[in-house]
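Novice: Before I ask anything, here is the structure I am working with.
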Amino acid sequence: MQSAMVTTLDDFKTIDDMNPVAALPLLGIYQVPPSTLLQSPSTVKTRGGAVIREVASPKTGSRRQGNHPQPSQPHRSQEVAGRNRPRTAATCIYGKNISQLKTQFGELGMEHPQRLERYRSIDREGRTLLRDATFQPWPKTRRRVRGCLEFVKRQLFRIGDDWYFLFALGVIMALISFTMDFTVSRLLNAHRWLYQEIGEDHMLLKYLSWIVYPIALSSFSTGFAQSITPHSGGSGIPELKTILTGVILEEYLTIKNFGAKVVGLTCTLSAGSSIFLGKVGPFTHLSCMIAAYLGRMRSSVTGEYENKSKQYEMLVAAAAVGVSTVFGAPISGVLFSVEVMSSHFAVKDYWRGFFAATCGAFIFRLLAVFNSEQETITALFKTSFKIDFPFDLPEMFFYVILGVICGAISCAYLSCQRWLLGYVRRNRFTVNLMATDKPVYSALVALLVSSITFPQSLGRFMASRLTMKELLNSLLDNRTWAVLAQNVTLDAHDTVDPKNLWLEWWDPTFTTFGTLAFFLVMKFWMFTLATTMPMPAGYFMPVFIYGAAIGRLVGEVVAFIFPSGIKTDGIVNPIIPGGYALAGAAAFSGAVTHTLSTALLAFEATGQIAHILPVLLAVLIANAISQKFQPSFYDGTIIVKKLPYLPRIRSRYIGSYSVTTEQFMRKDVTFLVKNATFEEVLKIFTSTEDLEFPVVEDAESRILVGTVTRSELVRFLQTHEAQQHLPEGPEDKTKVLFEGNLSDDCTIEPVTLQLSPFTSLHQAHNLFELLSLQRAFVTTSGRIVGCVTRNELKATIEDLANPKTPK
């Protein structure tokens, strides 16, 4: 005999709309033959001899069904008597008294009613739903285990649940960072081994072995990441800045983008220093993706709704974790995330960032010890500067000059990078190539860059055989290269000497001054070109190394001018070029990103704090010059990509305090009347694509009473449209349709913030940034007179910053 069984959640039905016996298969308790479904709904006997009865629920009034296997000789008289009893008897189950069931069948006789109750839920319209379930034995054991788990959960979350998720965030990102570094190191060693194994007699093969590796990895990184999602390219920080202002960008924080970014970034870093890209920006993006996923997991575990404030706190903490797990620098990671990611920061969120960043940095450096890379937890980039007398007081003048140079070069770089990024998006050839074959574009750029950095040609003047980490370690060398070059032999080294990395910067026909200057000139445009490649890549580490090269060149020049050191009070102290390299790295990277925390990042990454005063001085001067003339690297990318980000008011002399809301607000506001009918709502709904509509008391007074969302109007229109198409009683239904108004059937939310027509542009800008607003209504004595969105604010700020000249 064929059995009727419902096993999928798609077969949901309501008790009120179906035969009570037919609802039982939804529970998965019995297989009821189809023929028996036509019998009386009050008593049905199955093949196994089970008797199914129904009684009324004393709470909801809907019918309950229950069953239990009867003994070998069922008490038929009791069943008949039970059938004649009133259905509203609260102590009657299956026609039997509760005490009778306990006597006959023990606790098992009470299990099925409880089980049925657990799988009852109420939908939005108040109907009771049943859904599929599997048989669950041992009810006492399950209750005890569930109680123990609830007790453990309460004890663990007594101090707050944020600690556990922040700790998990730091550990996960540390594991990903270490695994990625380990993989990249092995791939770079394989590339170096392949290049060294080919002899000098096979120059063509040597050239091919040098360029094929970065070309293949760059094209694969672009193709793989773009095939998964087009949002995986770049660093991701400009998009994160936009998301933290309250703008929703689809797929930027999804797990799909996470996988594409991890694989793509690994291939990008494995391409080597020829491509000259890093991982700080993408790692910050990856950390925010993990934080968003953990936030959703936290909501499911704790049962709390994840609001925007909680999501904002987790994303800012995640940005700090991303930086700290790259450099092993938790303090500067928190400060860097605050400076770069957010315009306003709540002090109460500091502990989240510091706790997560500390956990991530500690695990990241601890894994290096476990992998026998280091004997103990030390700085990522080792230095050996003198601590007793690191610099002399007259050297502060040269550090000031270094800050000016870094600020000027950063302005030139930011201008050229923003122009080239915009040109690639405007040029017809590159636009068509990027639209159809992005991997080809990356392969062409990698071919050009890797050909120039070929060590047998121009690459020998740029230390092209060194990795990114080796480049920074060599530039931070405390020894003076000009002095070391006087005692070096003229023999060329086939391999890289880890203890004498400075030899890669030395050439007998091209002094160390020439190699450093040539490196700066070539890497300027090569790095600018590499930023246009549509693959996951970071841009902070190349900027940091470029600044170290600037500082190294200035330090070598000062050491050349004063070979014995600067004499003060009869004491001569030698010049340490590595200190200038440290200051240059912090100053140039701080000027490009408009941050001051790069000074602290340089100290944490190198373990040196002796040069704190000259480094801070150089960073402040470079930042002052850069912020005066150019937007930051990330803000410039936002401008080119035209992301919905609110620009900052950079100068108090542009008249932002004299401009009022009345001058730039949008006055043609589309509003709904409180008692609007179906036709009026439909007319307003189809006339605009706004996500929020103001609701006024009436059209004459225009007193603002609240707002209604577009989704509420969709539900309102769908409900009334469904009533309009009901077949029975069309006249009555049409009458109900047009009598229902907006205030009766929709939720009207109150307006908590309103602007005055006399609110200044500066005040409105601060409110939008602080509260992450997307829209604000302008009222006078409660009467709505206009509306201000981010578009009006952005256009007004741009007009003030770049006023149009009259024709």
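The values are calculated or read from the model by the stated rules, or taken from the named source; none is laboratory data. A quick note: this is a predicted structure, and the numbers were derived from the prediction, not measured. Backbone-built Cβ (ideal geometry, glycine too); neighbour counts: all protein chains shown. Surface areas here come from the heavy atoms of the whole protein model, side chains and all, with no ligands, DNA or RNA. Shrake-Rupley method; radii C 1.70, N 1.55, O 1.52, S 1.80 Å.
Novice: Suppose R0 equals 60 Å. What FRET efficiency, 1/(1 + (r/R0)^6) with r the Cβ-Cβ distance, do Leu194 and Glu679 give to the nearest 0.05?
Specialist: Values: r = 74 Å, r/R0 = 1.24.
E between Leu194 and Glu679, to the nearest 0.05, is 0.20.
Novice: Residue by residue, what Karplus-based ³J(HN,Hα) values in Hz, rounded to whole numbers, does the stretch 142-150 have, using 6.51, -1.76 and 1.60 with θ = phi - 60° and x for Gly and Pro?
Specialist: In residue order, the calculated couplings are 5, 5, 5, 5, 5, x, 5, 5, 5 Hz.
Novice: I've got another one for you. Mind grabbing the accessible area of Ile576 for me, 1.4 Å probe, Å², rounded to tens?
Specialist: Spelled out: Ile576, probe radius 1.4 Å, area about 10 Å².
Novice: How much FRET efficiency would the formula 1/(1 + (r/R0)^6) give for Leu433 and Ala624, where r is the Cβ-Cβ distance and R0 is 41 Å, rounded to 0.05? It would help to have the intermediate numbers written out before the result.
Specialist: Working: r = 40 Å, r/R0 = 0.97.
With R0 = 41 Å, the Cβ-Cβ based efficiency is 0.55.
Novice: Full extension from Leu717 to His344: what is 0.36 nm times the residue separation minus their Cα-Cα distance, to one decimal in nm?
Specialist: 130.3 nm
Novice: List the residues, sorted by chain then number, that are 5 or more residues from Val705 or on another chain and whose placed amide H is less than 5 Å from its amide H.
Specialist: Residues meeting the amide H criterion: Val695, Val696, Glu697.
Novice: Pulled fully out, how much extra length does the chain show between Leu458 and Arg648, if you take 0.36 nm times their separation in residues and subtract their Cα-Cα distance?
Specialist: Working: separation 190, 0.36 × 190 = 68.40 nm, distance 4.25 nm.
Between Leu458 and Arg648, full extension yields an extra 64.1 nm.
Novice: What ³J(HN,Hα) values, in whole Hz, does the Karplus curve 6.51 cos²θ - 1.76 cosθ + 1.60 give for the stretch 357-367 when θ = phi - 60°, with x put for Gly and Pro?
Specialist: So the J values, rounded to whole Hz, are 5, 5, 4, x, 5, 5, 5, 5, 6, 5, 5.
Novice: For Lys256 and Leu420 in one chain, what is 0.36 nm times their gap in residues minus the Cα-Cα distance, to one decimal in nm?
Specialist: 56.1 nm
Novice: Mind jotting down the three principal axis lengths of the stretch 219-312 based on Cα atoms? Whole angstrom, largest first.
Specialist: The Cα atoms of the stretch 219-312 stretch 48, 24, 19 Å along the principal axes, largest first.
Novice: Taking a 1.4 Å probe, which of Asp494, Asp201, Asp162 shows the most accessible area, and what order do the others take after it? Display every interim value, and only then the final one.
Specialist: Details: Asp494 115, Asp201 145, Asp162 15 Å².
Descending accessible area places them as Asp201, Asp494, Asp162.
Novice: So for the pair Val212, Asn791, with labels modelled 7 Å out along Cα→Cβ, what separation do we get in nm?
Specialist: A separation of 5.3 nm, rounded to one decimal place.
Novice: Let me ask something else about it. Would you check the accessible area of Thr532, probe 1.4 Å, heavy atoms only, in square angstrom rounded to 10?
Specialist: Accessible area of Thr532: about 10 Å².
Novice: Could I ask something else about it? At what distance in nm do the modelled label points of Thr686 and Val145 sit from each other, each positioned 7 Å from its Cα along Cα→Cβ?
Specialist: 5.7
Novice: Using DSSP to define loop residues, name the GluC sites (Glu not before Pro) in the stretch 361-441 whose beta-carbon has at most 14 other beta-carbon atoms within 10 Å.
Specialist: On the way: sites: Glu373, Glu375, Glu395; in loops: Glu373, Glu375.
Filter output for the stretch 361-441: Glu373, Glu375.
Novice: Label points 7 Å out from Cα along the Cβ direction at Leu444 and Ser781: separation in nm?
Specialist: 6.6
Novice: Using a Förster distance of 22 angstrom, determine the FRET efficiency expected from the C-beta separation of Glu749 and Glu700, and round it to 0.05. Let's see the in-between values first.
Specialist: Details: r = 23 Å, r/R0 = 1.05.
The formula returns an efficiency of 0.40 here.
Novice: Still on this structure: Work out from phi, with θ = phi - 60° and the Karplus expression 6.51 cos²θ - 1.76 cosθ + 1.60, the ³J(HN,Hα) of each residue of the stretch 258-263, listed in order in whole Hz, and give x for Gly and Pro.
Specialist: Values per residue, Gly and Pro as x: 4, x, 5, 6, 5, 5 Hz.
Novice: Packing-wise, with mean Cβ within 10 Å as the measure, how do 750-758, 771-779 rank, highest first? Please report the intermediate quantities before stating the final value.
Specialist: Numbers: 750-758: 12.9, 771-779: 18.8.
Ranking the peptides 750-758, 771-779 by packing returns 771-779, 750-758.
Novice: Which entries of Lys261/Lys628; Lys261/Lys308; Lys256/Lys641; Lys279/Lys628; Lys310/Lys641; Lys261/Lys386 show an alpha-carbon separation above 32 angstrom in the structure shown? Each step should come with its number before you reach the end.
Specialist: Working: Lys261/Lys628 34 Å; Lys261/Lys308 25 Å; Lys256/Lys641 22 Å; Lys279/Lys628 28 Å; Lys310/Lys641 28 Å; Lys261/Lys386 41 Å.
Check vs 32 Å cut-off fails for Lys261/Lys628; Lys261/Lys386.
Novice: OK, next. Between the stretch 187-203 and the stretch 231-309, what is the separation of their alpha carbon centroids in Å?
Specialist: With the stretch 187-203 and the stretch 231-309 each reduced to a Cα centre, they are spaced 36 Å.
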